[in-house]
1. So how do F53, F66, F219 line up by other beta-carbon neighbours within 10 Å, fewest first?
2. Return the lysines within reach of K118: Cα separation strictly under 16 angstrom, same-chain partners fewer than 8 residues apart disregarded; answer none if there are no such residues.
3. Neighbour counts of other C-beta atoms within 10 Å: give me I125, I269, I67 arranged from fewest to most.
4. Using the scaling law 2.2 N^0.38 Å as the reference, what is the normalised Cα Rg of the chain?
5. Treating the angle as unsigned and between 0 and 90°, give the value, to the nearest 10°, between the Cα long axis of helix 107-124 and the longest Cα principal axis of the chain.
6. Which of M74, M35 comes first, and how do the rest follow, when ranked by fewest Cβ neighbours within 10 Å?
7. Give me the Å³ per residue figure for the convex hull around the C-alpha atoms of the range 156-221.
8. Evaluate E = 1/(1 + (r/R0)^6) for H272 and A59, where r is the Cβ-Cβ distance and R0 equals 25 Å; express this FRET efficiency to the nearest 0.05.
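None of the figures in this text is laboratory data; all of them are computed from the coordinates on show. Remember, it's a predicted structure, so these values are computed and weren't measured experimentally. Virtual Cβ from ideal backbone geometry, glycine too; neighbours counted across all protein chains shown.
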Amino acid sequence: MATDPFRIRDHVADFDVIVADIKARSTAARASLPMEADIAYGADPAETLDLFFPSGPRALLPVHIFIHGGYWRMFSKRDYSYVAETVTEAGAIAVIVDYALMPAVRMETIVDQTRRAKRWVIDHIADHGGDAGRLTVSGHSAGAHLATFLFNEAETPSGVRAALLLGGLYELKPLQSSFLREEIGITDAEVAAFSPATHRHDRSTTVSVLVGADETAPFHRQADAFSSLLRGQRVAVSRSDLAGRNHMSSVRDLGVADTAAAHCLAALIEDH
């Protein structure tokens, strides 16, 4: 019987091992890196972010926002603290964002939360030694989807110099017939309003679209289609596969030194 190409657990045999590893790496990052935790960017308890800092003086440092995935309905910023290892090693402040989860809230709320998190960074990061004029963003899976809303037409000029989108979801319609139908029930209105493929994007943002080579076919199709859309909008975009990586190993690599994903993330920060 065919398995759901969007149900990651069906296609990643060591799913639980990788999740345990990223959580352990995140615990270690919070213990070892200079940080300020649970800064509120809004009134809801879910509206917080963590800042991680490189060693040395904090003055006019580049800033990088990371948005976690989990199909909008699982994980938290604490699970993804490990990404700050690569970001701070590249000399930037890492901003790891939390948001409320579906189905308790709808996608409109989550998109608004991520936009307000970015606004907090632009308005306040100078107080923490950062330079909002040197802002880059990244996200994985649902987090890549959310990251696009930081540099689309509603956010232009976006202030985002570059974005790394890993294993992202850019057209929501196929998810309505996936296992997520029972878990979060994406509506027709959400498909229409919150599919990045239906939006225009900031031409001043350089975009890197990445997919694990071992991902299921829909992730490759969506990455190809979204990259083509951006090119048609005259956005500078690159499209790459990460050899030998699946949906989960690719995101783990963002925080693991000397991996292709970590090199891509560090280069994005250092080049912009």
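1. Details: F53 20, F66 29, F219 24.
Neighbour counts put them in this order, fewest first: F53, F219, F66.
2. The reachable lysines, counting only those whose Cα sits under 16 Å from K118, are K77.
3. Working: I125 20, I269 24, I67 29.
The order, fewest Cβ neighbours first, is I125, I269, I67.
4. On the way: Rg = 17.0 Å, N = 272, 2.2 N^0.38 = 18.5 Å.
Ratio of Rg to 2.2 N^0.38 Å for the chain: 0.92.
5. 20
6. Values: M74 14, M35 18.
The fewest-first ordering by Cβ neighbours comes to M74, M35.
7. Details: hull volume 6.9 nm³, N = 66.
Looking at the range 156-221, the number lands at 105 Å³ per residue.
8. Working: r = 19 Å, r/R0 = 0.75.
About 0.85, to the nearest 0.05.
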